[in-house]
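For reference, the structure discussed in these notes is given below.
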């Protein structure tokens, strides 16, 4: 058991060693993902393992542990068995007895549960999805119970804090600056320099904020970190607070992340009990406390000044800068804001040094980056890779390629503020500068893969619709301009596009980027501009030919029944508008004036007799 208070670095190290030695006495651990996998039955699987281990008389040598995300969401629910590191996918409660007998008793794998199917590699290090990653920030995710401080400490948590508190605040900031760490929230500003601005700002009362208001569609990097290893983020925050001279911090978390909120609050409460938050941390004389605040789901609150306004109890709306938060932030005091992944990088930099961190990545983008890999890719999930890896390596080596071997078309990076990177840039090294050159941004790390069944005009409409809905309405260029762009895109996808629409979109985009108050408005046109840059011909086809080559924009589709029709009547019965006519055993006909392009006829036809053009 941990003591009532950890008063010094020596106490911390002694406890860490004791806990690590205790872990060695456990022969095997069953690590059950209890975050995203929860939706697919992980709670029942965990219960089954704990009961089976007890019934088998193995409870003194085997532990079943509820952990965070293992990353490979495509194989959920996932279970990892230590020490063999066997990864089992799509596990069901009825598989538990087989795993207990075969793996926990005999030490052998259960091949039918391999995430890649029978005959695929079982060990994590040999599975391509994992073998092509480099887990630094995520190294404890899926390995510890995120609700237990003791699990995190046994694997090295808070040792970097002890080291940082033995250094001067300026030395800590200089080390982070020398590492080349850039903010992982989207803008990519140098973290150490940002800290320096806050540290040198006049005044003794300063604040630190963790931006966990992750709102990009398809993004779940911050959520996975907070659910799987909250201590890593909190440790980074305490170190940052020491570096800039802050005594109070906030973690601003989306209310839609209830598990993350619970895990962070559990960690904070435990750290206060132990004296790692509060007064005189580790006997250093430094005091810092942390509070969780939940956001109400406004995407614009991911912008720094809007987030601060929300924290102050005001409507979440941005304000002009300067002054920057480092000069006048929360309560008009100097304030530093970084996102979840940025703080999570800090402990490793303190522990291993700036040169270690700089050895990963490219000249202008150091370290690793976490991406949420989603969309038309075989192995969806959470991945951590070195900066500079190519898009091809992520999609094909890590992600296993495109389902049904369809051609890769593009990847949307950076969410609503980002852009689409086409197939011609598959070998582009992924870093801040190269992505900017091709009209995209790193963003927080959302990565949505698209194949040839994706309509790029519809994709632009989707993201602009999201941004327009999320506009706070404070400034005219964003409030009105995005609405006008969206109306044009909606017309185009309805088959009502006109000559001059493309030029109007570009003209509006330039005005919105120049005139908007905050980053949301300034980047809102990016999905439209990037799709116009690389897929302009698709816009022209929609407008001039009334054709959607991907078959997505329903108003531009024509359904026709071919000679393969047997007259079974299935399509006629399925049509909600009565648009199909024909006698039994004779070829049927679709009235195009009545057809609403719903696709019900095609979905029920067993003879592949419905043609869509």
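Each value in this text was obtained by applying a stated rule to the coordinates, not by laboratory testing. Since the structure is predicted, the reported quantities are computational estimates derived from the model, not experimental observations. Positions of Cβ are generated from backbone atoms using ideal geometry, with glycine treated the same way; all protein chains shown enter the neighbour counts.
The modelled label-to-label distance for the pair residue 504/residue 585, using points 7 Å beyond Cα in the direction of Cβ, is 5.5 nm.
Normalising the average separation of contacting C-alpha pairs (under 8 angstrom, six or more residues apart) by the number of residues puts the relative contact order of segment 349-451 at 30 percent.
Were the residues from residue 490 through residue 92 laid out at 0.36 nm apart, the gain over their Cα-Cα distance would be 138.9 nm. Distance between the 7 Å Cα→Cβ label points at residue 190 and residue 453: 4.7 nm. Rounded if a/c is under 1.5, else prolate if a/b beats b/c, else oblate: with a ≥ b ≥ c from the C-alpha gyration tensor eigenvalues square-rooted, which is segment 21-127? Because its axes are fairly even, with a/c under 1.5, segment 21-127 counts as rounded.
Approximating the spin labels as points 7 Å out from Cα along Cα→Cβ, the residue 279-to-residue 4 distance works out to 1.5 nm.
Relative to the longest principal axis of the Cα atoms of the chain, the long axis of helix 456-470 lies at roughly 50 degrees.
Full extension of the chain between residue 293 and residue 171 gives 40.9 nm of extra length, using 0.36 nm per residue less the Cα-Cα distance.
Computed across segment 149-357, the Kirkwood hydrodynamic radius from all distinct Cα-Cα pairs reaches 16.8 Å. Counting every other Cβ atom within 10 Å of each residue's Cβ, 489, 225, 290 order from fewest to most as 290, 489, 225.
As a proxy for reagent exposure, 444, 471 were ordered by neighbouring Cβ count within 10 angstrom, fewest first; the result is 471, 444.
Working value for segment 108-229: equivalent-ellipsoid semi-axes of 37, 18, 15 Å, each the square root of 5 times a Cα gyration tensor eigenvalue, largest first. Here the chain carries DSSP beta bridges of which approximately 55% are antiparallel, counting only pairs with both residues inside. Neighbour counts of other Cβ atoms within 10 Å put 398, 383 in the fewest-to-most order 398, 383. Remark: the residue 533-residue 123 segment gains 143.3 nm on full extension, using 0.36 nm per residue and subtracting the alpha carbon distance. Would you calculate, for the chain, the mean residue ellipticity at 222 nm contributed by helices, counting each DSSP H stretch of 4 or more residues as -39,500 (n - 2.57) and dividing by all residues, to the nearest 500? Mean residue ellipticity, 222 nm, calculated: -10500 deg cm²/dmol. Segment 422-482 and segment 264-327 have Cα centres separated by 29 Å.
How high is the relative contact order of segment 456-545? Use alpha-carbon pairs under 8 Å, at least six apart in sequence, and give a whole percent.
Relative contact order for segment 456-545 comes out at 39 percent.
With respect to the chain, whose longest principal axis is taken over its alpha-carbon atoms, helix 258-274 is tilted by about 0°.
Mean separation of Cα pairs under 8 Å and 6 or more residues apart, divided by the residue count, gives the chain a relative contact order of 11 percent. Semi-axes of the equivalent ellipsoid for the chain, computed as √(5λ) from the eigenvalues of its C-alpha gyration tensor and ordered from largest down, come to 45, 34, 19 Å.
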